[in-house]
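Worksheet: one structure, shown below.
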2 protein chains.
Amino acid sequence: MHIFSYEILFNFIQAVFIKIGFSEKEALLATEALLKADLRGIDSHGIARLSGYVRLWEAKRLNPQPQMKIIYETPTTATLDGDSGVGLVVAQKAMEIAMQKAETYGTGWVAVQNSNHFGIAGYHAMLALQKNMIGIALTNASPLVAPTFSVDRLLGTNPIAVAIPAQTEPPFVADFATTTAANGKLEILERKGENAPWGWLQDAEGNITTDTQARKKGGALLPLGSDYEHGSHKGYCLGALVDIFSGVFSGANYASWVPPFVSYLSLPTNPVGKGIGHFLGAIRIDAFRPKEEFLSHMDNWIRAFRNAKAVKDKKVLIPGDIERETEKERLQSGIPLMPSVVADLNNLAEKFQIDPLAN
Amino acid sequence: MHIFSYEILFNFIQAVFIKIGFSEKEALLATEALLKADLRGIDSHGIARLSGYVRLWEAKRLNPQPQMKIIYETPTTATLDGDSGVGLVVAQKAMEIAMQKAETYGTGWVAVQNSNHFGIAGYHAMLALQKNMIGIALTNASPLVAPTFSVDRLLGTNPIAVAIPAQTEPPFVADFATTTAANGKLEILERKGENAPWGWLQDAEGNITTDTQARKKGGALLPLGSDYEHGSHKGYCLGALVDIFSGVFSGANYASWVPPFVSYLSLPTNPVGKGIGHFLGAIRIDAFRPKEEFLSHMDNWIRAFRNAKAVKDKKVLIPGDIERETEKERLQSGIPLMPSVVADLNNLAEKFQIDPLAN
């Protein structure tokens, strides 16, 4: 592992986005969103994907200078056309609109079409915290997941993120894929040549398998719950809701029509919408009760859980605790990158004639 | 099993609610909500609970003539004080307010305090379908569930229900507890003296157990995902979100302060709010794109999933399929009740001097 400071990686990413035609401002916004994944320890969704975004641009599937516009609107809702811009930026624009509406009406909700991968959902939900609001972010994604009893892959890992501010306690930040396991964890096991635990994957016939290669042999990731006896139909419901809110609400693609992130897979024929879809929401914290009351009860809620009696040698965590600790630590000590990621980034450096990362 | 027609059970329940002081209209509303559970095959949440509601009334924890009122409001949000009325009715009032707001502003959101058990969440979400809207219903509930790594029980089975209309296809109706297994399924196993599958329960030390008695010996239900390796922290996030939206938003109780449904358990001391809490939402189907477009894409979404290639001897279901089939069948052929439930109801008949159910 090589360790790099936040600033060095920030400048690197920003330079690449500018090289592919982003404005200064949008390169900044995209870099903040992308690198937040690395800061928070979700390494699969951060700088390791930078070359993937570049390849989308090369395949003319990512517009570096999108003209985003609201194509449909009610007082509290809007649909945003992302004009094939990078999801990292498009979703921030959508959250901005949601927060403006929430400011006036208590809540604001924006569905997004014609976008692509937006990084970690938690980043976009957390934007609302800056305005002392509750933020919600959903997105659909490349179909990798089989609904309960299906062998076909019809859902993405379709994450749900919700960020809720508190008073003196740090905020509650839930951010999770609606599958049993994150795809990133499977990639790590695959690289090590290890098997996956029971319940993460199924094979091409729909039998649960521990073979991490199953994804490449017609298998699929399993919805949260693993199998029917353990509630996979509930995980399927969650993934389906994210797909409908992100794709059907907005006029984006949904189900197996969602375009893959990787540019070497061809786009589905007969698309049912434009690009991939997101759904962003903002709720004013004084939407339901006075602000101070809400915040002090959130503190109380958080303490009740944090102070619960724990299983031996464990502690009860609040959603967001681990990521916040990782962020604090990596801001100080730097962000570790695998040699393969550094090599991949230095290929980009050569291509775009920017300073390589030292290794 | 004895089989009774919908009408006979309807009249029975309505008579009981009137005997304990409900108005004609509210007895009707409560009966419709309660019996919908039996119709849809969720027997644990229907008429089997009628005597439980009566005991709550006897314990002066259920007000038969509540003066519900909006105690806080923005254009798209409101907080409703249920005045200790039955959740079956209070939640319907809340959904009515949410739909009125959605009519004007695109979306409407109502948090409820000072309520109690509201039956099945799906019933309240489905009210929105009658106005061609999308409905959302959440509620917190008696603490039976341990968050990941906790031995304390801090969450209820905290269900999530979302109902989404389609054009020619039946609606999508998700309605599920945020636990691996429903408490009702555990009660059935316990009655039969059978063990529970791995992953449904933990014992008093937080070890996974198959002993259905564990709940009475300091154990707990597990969040959806069962253990950390299979994503129980995600199920914990979901249960936590339902608790915060229902309890912290509204000024109801939350965490271990949520009052138990059963009247023989005493109320928690030092409550942090009033009664239990719900959260209801309504979204106009033309909030994000024209109505016809939305509905035809919902049809397309539903067909894509229904027609997916299935695992051998199975089919891919749409959320709500099983319950809708059960409802159709039970409206025609009647609703089966266990002898113990019939006996319990006939005790009520005797107490209130109404016609008993034949058995």
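Between B:LEU265 and B:GLN65, the distance separating the two model label sites (each 7 Å from Cα on the Cα→Cβ line) works out to 3.2 nm. Across segment A:157-249, the relative contact order, built from alpha-carbon pairs under 8 Å that are at least six residues apart, equals 24 percent. For segment A:288-336, accessible area lost to neighbouring protein chains reaches 50 Å² or more, against the chain alone with a 1.4 Å probe, at A:PHE288, A:ARG289, A:HIS297, A:TRP301, A:PHE305, A:LYS309, A:VAL311. Each Lys and Arg adds +1 at its Cβ and each Asp and Glu adds -1 at its Cβ; summed about the Cα centre, segment B:1-127 shows a dipole of about 260 debye.
The relative contact order of chain B, computed from alpha carbon pairs under 8 Å that lie at least 6 residues apart in sequence, is 21 percent. When only alpha carbons are used to place a centre, segment A:112-133 and segment B:1-63 end up 44 Å from one another. Each Lys and Arg contributes +1 and each Asp and Glu -1, all at the Cβ; summed about the Cα centre of chain B, the dipole is approximately 140 debye. Placing a label point 7 Å from Cα along the Cα-to-Cβ axis, B:GLU7 is separated from the same position in the other copies by 8.2 nm, shortest listed first.
Summing +1 for each Lys or Arg and -1 for each Asp or Glu among the other residues whose beta-carbon sits under 13 angstrom from that of A:ASP286 gives 0.
Taking every residue in B:222-234 and counting other chain Cβ atoms within 10 Å of its Cβ, the average works out to 6.
Dividing the C-alpha radius of gyration of segment B:49-101 by 2.2 N^0.38 Å, with N its residue count, gives 1.28. Would you kindly calculate the translational diffusion coefficient of segment B:46-178, applying Stokes-Einstein with the Kirkwood radius from alpha carbon pairs, for 10 °C and a viscosity of 1.306 mPa s, and quote it in µm² s⁻¹ without decimals? D = 100 µm²/s. A label point on B:GLY184, set 7 Å along the Cα-to-Cβ line, lies at 3.8 nm from each of its counterparts in the other copies, closest listed first. With a Förster radius of 51 Å applied to the C-beta separation of A:GLU329 and B:ASN11, the computed FRET efficiency comes to 0.20. In this Cβ point-charge picture (+1 for Lys and Arg, -1 for Asp and Glu), the protein assembly as shown has a dipole of about 60 debye about its Cα centre.
Both chains summed, the buried accessible area for B and A stands near 7100 Å², from protein heavy atoms and a 1.4 Å probe.
Relative contact order, whole percent, for segment B:20-121 stands at 27, derived from Cα pairs under 8 Å and 6 or more residues apart. Per residue, the protein assembly as shown exposes 38 Å² of solvent-accessible protein surface, assessed with a 1.4 angstrom probe and all protein chains in place. What a 1.4 Å probe finds exposed on segment B:187-341 is 53% carbon and sulfur by accessible area, rounded to a whole percent. Counting protein heavy atoms only, segment A:22-122 has 47 percent of its accessible area on carbon and sulfur, 1.4 angstrom probe. With its label point put 7 Å out from Cα toward Cβ, A:THR326 sits 3.9 nm from the same residue's point in the other copies, in order from shortest. Peptide packing: for B:40-47, B:156-163, B:291-298, the average count of neighbouring Cβ atoms within 10 Å per residue gives the ranking B:156-163, B:40-47, B:291-298, highest mean first.
The values are calculated or read from the model by the stated rules, or taken from the named source; none is laboratory data. These figures come from a predicted structure and were not determined experimentally. All Cβ positions, even for glycine, are placed from backbone atoms using ideal geometry, and neighbour counts span all protein chains on display. Side chains are part of the model used for accessible areas, which takes the heavy atoms of the whole protein and leaves out ligands, DNA and RNA. Shrake-Rupley method; radii C 1.70, N 1.55, O 1.52, S 1.80 Å.
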